[in-house]
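**Student:** The structure under discussion is supplied below as structure tokens; questions concerning it will follow.
The values are calculated or read from the model by the stated rules, or taken from the named source; none is laboratory data. The model shown is predicted, which means the values in this text are computed figures rather than measured ones. Neighbour counts run over all protein chains shown; Cβ positions are idealised from the backbone, glycine included.
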Amino acid sequence: MHRVTELFESFWFKCVLSVGLLSLVLLRKTDLPELGTAVARARMVWVLVAFVGYLGSQVLSVVRWRMLARPLGFTASFGRYFVCYFSGMYMNLFAPSTVAGDIGRALFLAGGEKRKTLAFTSVIADRALGFVALVWVGAIAILVQPAYPVPRLLYYGAWIVPPGTLLGWLWGPQLVVQLLPPANKWRVLVEQEIAAYWNDWPLLIRTTVLAMFFHVVQVATQVVLGWALNIQAPASFFLIFVPVVNILGMLPISFSGVGVREGGYVVALTSIGVDRELAVALGLLGSAVALATGVASGLVFVINKTPAPIPDRGEIATSDS
């Protein structure tokens with residue numbers, strides 16, 4: 001009961017923060033009647049296309065997570081991973097950032113205490129890879145499109161972060177092994193349990209490409225929402241500012257990025273001449289699509305209230321013998 005109470009307290013805390021952020025965006029220099037008109041005139045066909053695309057991008061995440069979990073010994077049908085992932089998405093509505101959903105899908109994957117650490121490892125690997133891919137998409141967009149206005153910090157970061165993350169991936173495990181004693185659990189984890197991640201380059205390349213494609217699809221959904229509002233902005237510019245806003249939206253200070261998204265869109269789009277009201281309207285539609293996806297995930301969670309544990313290879317081998 002205490003945990004349930006904490007979840008809902010966090011839910012209301014996030015709602016209050018999002019309302020506060022939205023108030024700062026909407027009430028400060030925004031023409032509310034004009035904003036209402038812009039939203040009302042949005043072409044719902046494109047909004048529906050964006051929703052389907054956003055939902056489809058989450059299916060790509062299921063595929064990526066399954067690819068990363070299999071080398072750790074977890075095997076199951078795509079359908080079971082789908083249930084666990086979307087149940088986790090629904091749980092994300094009630095806790096800071098994506099913490100609750102990640103914990104939920106890891107526990108569903110583990111199927112017991114024995115494999116819990118590896119299950120969490122698969123989720124962390126999935127999140128980390130997704131974050132790196134998101135940064136890379138934004139960085140590449142900034143470097144290949146120098147004509148668009150971006151803060152100097154972002155421009156220099158675009159040069160530093162991609163090679164920095166690559167070097168961290170190459171040398172990080174070796175550094176852990178050298179600095180930690182042999183019996184340390186983190187060293188054991190790096191040397192034994194997740195060795196497949198460091199040694200299987202084809203897997204890393206495939207999952208990274210898939211993660212980047214996932215983020216490109218998500219950016220495309222925002223472009224489609226721009227079409228719904230008849231926003232005159234280059235689609236290529238979305239590849240720069242949407243990843244940045246999504247990174248900020250990961251912070252546990254809002255309800256599914258509501259408020260953060262609208263504010264970020266205002267800053268980015270008004271810099272290239274888009275009306276403030278249209279920028280806010282785009283942010284609101286983007287938030288609506290994200291929230292609708294979370295609510296739709298609730299159907300999966302309700303139908304499968306307690307997803308059956310996914311067996312690992314050891315359990316399968318035992319049952320076959």
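**Student:** Only one residue in W198, W186, W136, W169 is more than 30 Å from N304 (Cβ to Cβ) and under 19 Å from the mean Cα position of the chain (by Cα). Which one?
**Tutor:** Working: W198 fails: under 19 Å from the mean Cα position of the chain (by Cα); W186 fails: under 19 Å from the mean Cα position of the chain (by Cα); W169 fails: under 19 Å from the mean Cα position of the chain (by Cα).
Going through W198, W186, W136, W169 in turn, the sole match is W136.
**Student:** If we keep just the residues of the range 193-208 that are surrounded by fewer than 17 Cβ atoms within 10 Å (Cβ to Cβ) and among the aromatic types (F, W, Y), which is farthest from R115 (Cα to Cα)?
**Tutor:** Selected residue: W201.
**Student:** Identify all residues within the range 74-94 that are within 26 Å of A196 (Cα to Cα) and among the small types (G, A, S); write none if there are none.
**Tutor:** A76, S77, G79, G88
**Student:** Quick check: is even one residue across the range 89-97 touching a Cys at 6+ places or on another chain (Cβ under 6 Å) and crowded, with 19+ Cβ neighbours inside 10 Å?
**Tutor:** Applying the first criterion (touching a Cys at 6+ places or on another chain (Cβ under 6 Å)) to the range 89-97 yields none.
So far as the range 89-97 goes, no, none of its residues is touching a Cys at 6+ places or on another chain (Cβ under 6 Å) and crowded, with 19+ Cβ neighbours inside 10 Å.
**Student:** Tell me whether the range 299-316 contains one or more residues that are within 25 Å of L154 (Cα to Cα), at pLDDT 80 or above and either among the hydrophobic types (A, V, I, L, M, F, W, C) or in contact with a His (Cβ under 7 Å, 6 or more places away or on another chain) (or both). Can you show your working first?
**Tutor:** Step one: filter the range 299-316 for residues within 25 Å of L154 (Cα to Cα), giving none.
Checked the range 299-316: no residue is within 25 Å of L154 (Cα to Cα), at pLDDT 80 or above and either among the hydrophobic types (A, V, I, L, M, F, W, C) or in contact with a His (Cβ under 7 Å, 6 or more places away or on another chain) (or both).
**Student:** Cβ contacts < 6 Å: first residue in a helix (DSSP H, G or I), restricted to the range 225-251; second residue exposed (fewer than 15 other Cβ atoms within 10 Å of the Cβ), any location; separation 6+ or different chain. Result?
**Tutor:** A228/R43; S236/Q145
The rows are residues; the columns are (1) out of contact with any helix residue (DSSP H, G or I) (no Cβ under 9 Å at 6 or more places or on another chain); (2) hydroxyl-bearing (S, T, Y); (3) surrounded by fewer than 16 Cβ atoms within 10 Å (Cβ to Cβ).
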| residue | (1), (2), (3) |
| --- | --- |
| T165 | no, yes, no |
| P173 | no, no, no |
| P181 | no, no, yes |
| L210 | no, no, no |
| Q222 | no, no, no |
| L225 | no, no, no |
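**Student:** Determine whether V25 is surrounded by 17 or more Cβ atoms within 10 Å (Cβ to Cβ), at pLDDT 80 or above and not basic (K, R). Talk me through it step by step, then tell me what you get.
**Tutor:** Working: surrounded by 17 or more Cβ atoms within 10 Å (Cβ to Cβ): yes; at pLDDT 80 or above: no; not basic (K, R): yes.
No.
**Student:** Pull up the range 94-153, narrow it to residues that are outside any helix (DSSP H, G or I) and not small (G, A, S), then point me to the one that is modelled with the lowest pLDDT.
**Tutor:** Restricting attention to the range 94-153, the residues satisfying the condition of being outside any helix (DSSP H, G or I) are 95-98, 111-112, 145-151.
From what is left, the residues that are not small (G, A, S) are 96, 98, 145-146, 148-151.
On the way: P96: 56, T98: 68, Q145: 83, P146: 79, Y148: 81, P149: 77, V150: 81, P151: 81.
The qualifying residue modelled with the lowest pLDDT is P96.
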